[in-house]
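Visitor: My questions will all concern the structure given below.
The values are calculated or read from the model by the stated rules, or taken from the named source; none is laboratory data. Predicted model only: the values in this text are computed from it and were never measured. Quick reminder, even Gly has a Cβ in these numbers, built from the backbone with ideal geometry, and neighbours come from all protein chains shown. What goes into the accessible areas is simple: the full protein's heavy atoms, side chains included, and nothing from ligands, DNA or RNA. Shrake-Rupley method; radii C 1.70, N 1.55, O 1.52, S 1.80 Å.
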Amino acid sequence: MTTITDLLIVGGGINGAGIARDAVGRGLSVVLCEQGDLAGYTSSASTKLIHGGLRYLEYYEFRLVREALFERERLLEAAPHIIWPLRFILPHEKGIRPAWFVRLGLFLYDHLAPRKRLPGTETIHLTRHPAGQALKPGFDTAFVYSDCWVEDSRMVALNALDAAERGADIRVRTKLVSAHREDDIWVAKLQNTETGETMEVRARVLVNAGGPFVADVLNTKLGLNTQKNVRLVKGSHIVVPKLFEDDKAFILQNTDKRIVFAIPYQGKFTLVGTTDIPVESVPDKKVTISDAEIQYLCDVVNHHFKHQVTPADVVWTYSGVRPLFDDGSTNASAVTRDYVFDLDGEAGQAPVLSIFGGKITTFRKLSEHALDELKKFFPNMKPSWTEKAKLPGGDMPDADFDRFFATVKTRWPFLPEAVAYRLSRAYGTRIEELLGKATSMADLGEDFGAGLTGAEADYLVRWEWARSAEDILWRRSKLGLHVPKDAAAKIDAYLAAKKVLQPAQ
């Protein structure tokens with residue numbers, strides 16, 4: 001007899017991984033397929049913030065902002081290793097938004113939801129505050145408020161890991177070829193993109209978490225149509241040598257009324273973004289930044305900071321396409337970041353739930369709402385459970401990372417401080433699985449540079465579905481800007497040799 005799974009989830013971004021985790025924890029059987037790597041598209045191309053979305057208040061998105069602010073506190077508790085507080089400096093730009101208007105928005109931002117760990121807004125005078133030293137003359141007043149940083153692609157991997165350890169079947173490098181209904185069951189054909197092998201999965205419900213490919217899944221893979229449309233918006237970022245010494249981030253108001261973040265990045269750099277460029281379609285391969293976008297971000301930086309940059313200063317760029325629900329707005333920046341569900345299936349038909357929109361901050365709530373939408377198909381489904389659950393590695397006492405880091409340095413004193421810190425941030429309490437009984441760096445195997453070792457590569461293959469140097473350097477460890485130029489080739493050779501010894505997960 002062919003096994004029938006409860007949910008087949010298409011898409012291994014933050015929404016797909018989050019729904020898989022929630023669903024399996026409620027007692028449902030889950031198969032998730034992702035045609036590339038986890039977080040390989042949009043979910044690794046964010047501005048890497050857990051935030052309420054201050055600028056969404058300007059578009060009266062009060063429900064979305066309130067929900068996001070609640071989630072900010074919950075996620076900070078759930079994953080204190082990959083999420084941490086960050087203060088933002090908002091210089092007042094005369095002639096764009098009145099100071100009273102900005103301050104009112106920040107008052108709402110501070111009070112729409114409770115804050116346990118994050119300080120509220122303060123006003124500073126840039127002529128007397130150290131933060132003003134990086135800015136050009138003419139900026140007199142600024143507001144300082146709180147949000148959080150997140151390692152976005154690690155957030156996806158940890159959701160998938162939690163789902164897998166609870167029983168979900170996570171299949172990377174596996175694409176949905178087609179699916180059709182046989183009465184109340186979906187019959188899906190999947191294909192391993194590395195081997196070409198095909199397989200059949202039968203599921204009671206199909207969840208379309210294809211992100212920017214959500215419409216393609218509906219129209220091409222399933223042969224269905226929907227009245228809801230996705231609005232594709234490309235967001236691009238640049239990374240430049242650091243623009244300022246302050247450990248706070250800057251949020252910059254531009255003359256087109258967009259905002260651009262300038263965020264301390266990996267010690268040596270500043271991350272600048274994002275753009276909002278409407279696009280008509282999504283390529284299967286990575287989207288890339290345009291010369292115009294690079295110049296736009298450089299211009300915003302040069303308008304605000306004494307340290308001037310040119311496109312030649314850019315050391316790295318990345319772009320992603322955000323699948324926003326099309327609410328009819330003419331301005332891409334004004335399109336809602338809220339999420340919308342489309343449930344297709346008449347009585348007696350296998351349903352498909354498609355996810356339109358969403359943002360990384362609200363993935364947990366989106367997942368919870370998605371499962372609530374499916375309750376009528378699974379009357380014995382357990383209640384929601386993720387609100388107070390820790391993500392893998394986040395189970396440190398009182399969510400106190402500093403105290404945890406001190407124990408890591410005591411437990412493995414041979415680790416260089418910077419390596420110990422990065423590993424603690426990346427893996428939290430799961431660091432024990434990686435380091436184990438090692439008593440020296442030599443015990444961790446091959447050294448690929450910047451503290452990346454064979455032991456870490458082995459861990460990422462075994463537990464986090466890493467299959468290539470790109471997976472490891474740009475999404476799992478985030479060391480791509482720090483390792484030697486030949487590191488990627490060495491890692492790929494190492495992984496190829498290990499395949500003989502270690503089967504794929």
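Visitor: What list of ³J(HN,Hα) values in whole Hz, one per residue of segment 55-62 in order, does the Karplus curve 6.51 cos²θ - 1.76 cosθ + 1.60 (θ = phi - 60°) give from phi, with Gly and Pro shown as x?
Guide: Per-residue couplings from phi come out as 6, 5, 4, 5, 9, 6, 8, 5 Hz.
Visitor: Rounded to the nearest angstrom and ordered from largest down, what semi-axes does the equivalent ellipsoid of the chain get from its C-alpha gyration tensor (root of 5λ)? Mind dumping the intermediate values first?
Guide: Details: eigenvalues 251, 172, 94 Å².
Ellipsoid half-lengths, sorted descending, are 35, 29, 22 Å.
Visitor: Compute the distance in nm between two label points, each set 7 Å from the Cα along the Cα-to-Cβ direction, one at Asp443 and one at Trp385.
Guide: Once both label points are built, they end up 3.5 nm from each other.
Visitor: Using a 1.4 angstrom probe, figure out how much accessible area the chain has per residue, in square angstrom, rounded to the nearest whole.
Guide: 41 Å²
Visitor: Which value in nm describes the separation of the simple spin-label points at Asp398 and Ile4, placed 7 Å from the Cα toward the beta carbon?
Guide: 5.2 nm
Visitor: I've got another one for you. Which far-off residues, 5 or more places away or on another chain, put their amide H under 5 Å from the one on Lys136, with H placed in the peptide plane?
Guide: The answer is Phe305, Lys306.
Visitor: Give the long-range amide H neighbours of Val279: residues separated by 5 or more places, or on another chain, with amide H under 5 Å away, using H modelled in the peptide plane at 1.01 Å from N.
Guide: It is Leu232, Val233, Lys234, by chain and number.
Visitor: R0 = 45 Å: FRET efficiency of Asp247 with Glu200, Cβ-based, nearest 0.05?
Guide: Result of the calculation: an efficiency of 0.30.
Visitor: Continuing with the same structure: Where a ≥ b ≥ c are the square roots of the eigenvalues of the C-alpha gyration tensor, would you call segment 16-74 rounded, which needs a/c under 1.5, or, failing that, prolate if a/b is larger than b/c, or oblate?
Guide: The shape class here is oblate.
Visitor: Now a separate question. Please state the shape class of segment 219-294: rounded when a/c is under 1.5, otherwise prolate if a/b exceeds b/c and oblate if not, all from the C-alpha gyration tensor.
Guide: Verdict is prolate for segment 219-294.
Visitor: If you don't mind, another one. Starting from the Cα of Thr123, step 7 Å along the direction of its Cβ; do the same at Arg66; then give the gap between the two resulting points in nm.
Guide: According to this spin-label approximation, the distance is 2.7 nm.
Visitor: Which percent of the accessible area of the chain is formed by carbon and sulfur heavy atoms (probe 1.4 angstrom)?
Guide: Accessible surface attributable to carbon and sulfur in the chain totals 52 percent.
Visitor: So, one more: Please report, in debye to the nearest 20, how large the charge dipole of segment 437-499 is about its Cα centre when each Lys and Arg carries +1 at its beta carbon and each Asp and Glu carries -1 there.
Guide: It works out to roughly 160 debye.
Visitor: While we're on this one: What fraction of the DSSP beta bridges in the chain is antiparallel, stated in percent and rounded to the nearest 5?
Guide: 80 percent
Visitor: Going 7 Å from the Cα of Glu433 along its beta-carbon direction, which residues of segment 388-414 have the amide nitrogen within less than 17 Å of the resulting point?
Guide: Correct set: 390-396.
Visitor: How big is the charge dipole of segment 32-79 about its Cα centre, in debye rounded to the nearest 20, if each Lys and Arg gets +1 on its Cβ and each Asp and Glu gets -1 on its Cβ?
Guide: Details: 6 positive and 8 negative charges, 34 e Å.
In debye, rounded to 20, segment 32-79 gives about 160.
Visitor: Related question: Hey, what's the per residue convex hull volume over the C-alpha atoms of segment 428-497, in cubic angstrom?
Guide: Dividing the Cα hull volume of segment 428-497 by its residue count gives 87 Å³.
Visitor: Taking θ as phi - 60°, what are the ³J(HN,Hα) couplings along segment 17-25 by the Karplus curve (6.51, -1.76, 1.60), each to the nearest whole Hz, with x for Gly and Pro?
Guide: 5, x, 5, 4, 4, 4, 5, 5, x
Visitor: While we're on this one: Report the charge-dipole magnitude of the chain in Debye, nearest 20, computed about the Cα centre from +1 at each Lys and Arg Cβ and -1 at each Asp and Glu Cβ.
Guide: 720 debye
Visitor: What list of ³J(HN,Hα) couplings, whole Hz, do you get for segment 450-455 from phi and the Karplus terms 6.51, -1.76, 1.60, once you set θ to phi - 60° and write x for glycine and proline?
Guide: Karplus values, whole Hz, x for Gly and Pro: 6, x, 7, 10, x, 4.
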